[in-house]
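These notes concern the structure reproduced below.
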Amino acid sequence: MQEIITKENYSQPVQKLFELAEPTDKWAEWNDYLNLGIGSEHTDELLKILNNYSEITFCEVTLENGCIDYPYSYTPQYAWRILAQLKKQKVLPLVVKIAEEDPDEDSICSDLSTIVLTLGPDCIDQVDDLLSTYIAKATSQEYDLNCGIFMELSSGIERIGKSYPEAVKQCVE
């Protein structure tokens, strides 16, 4: 039996993510989401949100006026941003997987380079592996479909090189 996804399945601090409005797209305006009381001890819950991306994002609620709403659609985006702020390397392949599964959702790809920058130089090898995987499986159709992911991961490496002078050589390689 599949678990029904509700915010009540999460701790109080993580439940706050289910109540937040649309996040900003501007990296400079990303909040310090850790101020919500979420820390490393909530990593498993945040990963659970990402692993249940579709169920949470597309959870329908019928409003009193009969309209359909998707009240939790931004919750995964907050989860991956927090995991990046917590420097949890596991977030990157999960977000890439989500981007592959939901290629029409621009917010996923647009956050990728910022996730890479937020994770910092420690994720360069992981990004290199992800990029190598894309190059290896780049049939013309797959490459076209995933070009945004490829570009955003590459952009993230460029941003690390600009923000961390000590990592420039590794970024160029």
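Across region 129-162, which residue is modelled with the lowest pLDDT among those that are among the hydroxyl-bearing types (Ser, Thr, Tyr) and surrounded by 12 or more Cβ atoms within 10 Å (Cβ to Cβ)? Working first, answer last.
The initial filter retains those residues of region 129-162 that are among the hydroxyl-bearing types (Ser, Thr, Tyr), namely 132-134, 139-140, 143, 154-155.
This time we only want the ones that are surrounded by 12 or more Cβ atoms within 10 Å (Cβ to Cβ), so: 133-134, 143, 154-155.
Working: Thr133: 81, Tyr134: 76, Tyr143: 55, Ser154: 92, Ser155: 93.
The qualifying residue modelled with the lowest pLDDT is Tyr143.
If we scan region 128-148, do we find a residue that is of a type in the set (D, E, K, R), in contact with a Ser or Thr (Cβ under 6 Å, 6 or more places away or on another chain) and part of a helix (DSSP H, G or I)?
Filtering region 128-148 for residues of a type in the set (D, E, K, R) gives 128-129, 137, 142, 144.
Right, trim to in contact with a Ser or Thr (Cβ under 6 Å, 6 or more places away or on another chain) and you get none.
No, because not a single residue in region 128-148 is of a type in the set (D, E, K, R), in contact with a Ser or Thr (Cβ under 6 Å, 6 or more places away or on another chain) and part of a helix (DSSP H, G or I).
Based on this model, can you work out whether Phe58 counts as open to solvent by 90 Å² or more (accessible area, probe 1.4 Å), over 24 Å from Asp122 (Cα atoms) and either touching a Phe, Trp or Tyr at 6+ places or on another chain (Cβ under 6 Å) or modelled with pLDDT under 90 (or both)?
Values: open to solvent by 90 Å² or more (accessible area, probe 1.4 Å): yes; over 24 Å from Asp122 (Cα atoms): yes; either touching a Phe, Trp or Tyr at 6+ places or on another chain (Cβ under 6 Å) or modelled with pLDDT under 90 (or both): yes.
Yes; evaluated as a whole, the condition is true for this residue.
The values are calculated or read from the model by the stated rules, or taken from the named source; none is laboratory data. What you are looking at is a predicted structure, and each value in this text was computed from that prediction instead of being measured. Counting neighbours? That spans all protein chains shown, and the Cβs are built from the backbone with ideal geometry, glycine included. Ligands, DNA and RNA are stripped out before the accessible areas are found, and what is left, the full protein with its side chains, is counted by its heavy atoms. Shrake-Rupley method; radii C 1.70, N 1.55, O 1.52, S 1.80 Å.
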